[in-house]
Amino acid sequence: MADRYSGTIFACATVAEDTIYLKDEDKLQHFKSNIFAPVDVIHLFENPLPKDELYELVKINKSGSTTSLFGNHFINIKNAFAKRNTLPYFLKNAYLEENGFYNIDDCNWISVACSHKS
């Protein structure tokens, strides 16, 4: 199983509610971040995006547990999935602005997160 899924993107999900801060007093958490987002609808891709193709589409952050996706990186990954899978409804129409979540605040997050590209 590790050979098939290691380094791939094999699923996506919707965020169900506000993020949660979990203090790791026992040092048991796998990820270094203390901020987590509960997920709701989880979609497993029938054909995961192979790591070789993923690495061609975006530079992977090897020193952290997350890699930021901006503008074309997200579009290219989404298009690669669409070539080999049926996209879930929440991913099919999703897009990111070129600057991702940069400069989002309490006043503008809804208009940025809930807007759609025409």
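The values are calculated or read from the model by the stated rules, or taken from the named source; none is laboratory data. For clarity, every value in this text was computed on a predicted model and none was experimentally measured. No Cβ is skipped: glycine too gets one built from the backbone with ideal geometry, and neighbour counts run over all protein chains shown.
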Checklist entry - Checking T19 against (1) without any contact (Cβ under 8 Å) to a residue 24 or more places away in the chain; (2) in contact with a Phe, Trp or Tyr (Cβ under 6 Å, 6 or more places away or on another chain), which single condition isn't satisfied? => result (2)
Next on the checklist: Could you go through the stretch 12-20 and let me know if any residue there is surrounded by 11 or more Cβ atoms within 10 Å (Cβ to Cβ), aliphatic (A, V, I, L, M) and touching a His at 6+ places or on another chain (Cβ under 6 Å).
Outcome noted: no
Checklist entry - Considering only residues of the stretch 51-60 that are of a type in the set (D, E, K, R) and surrounded by 12 or more Cβ atoms within 10 Å (Cβ to Cβ), which is modelled with the highest pLDDT? => result E53
Checklist outcome for this item: Here the residues within the stretch 67-87 that are in a helix (DSSP H, G or I) and of a type in the set (S, T, N, Q) are N72, N76, N79
Checklist entry - Taking the stretch 10-50 as the search range and keeping residues that are assigned to a loop (DSSP other than H, G, I, E, B) and either hydrophobic (A, V, I, L, M, F, W, C) or modelled with pLDDT of 85 or more (or both), which one is nearest to A94 (Cα to Cα)? => result A16
Item to check | Test result for E53, of a type in the set (D, E, K, R), within 25 Å of L87 (Cβ to Cβ), touching a helix residue (DSSP H, G or I) at 6+ places or on another chain (Cβ under 7 Å) and not in a loop (DSSP other than H, G, I, E, B) | outcome: yes
Checklist outcome for this item: Within the stretch 61-76, of all residues that are closer than 22 Å to S33 by Cα and small (G, A, S), the one modelled with the lowest pLDDT is S65
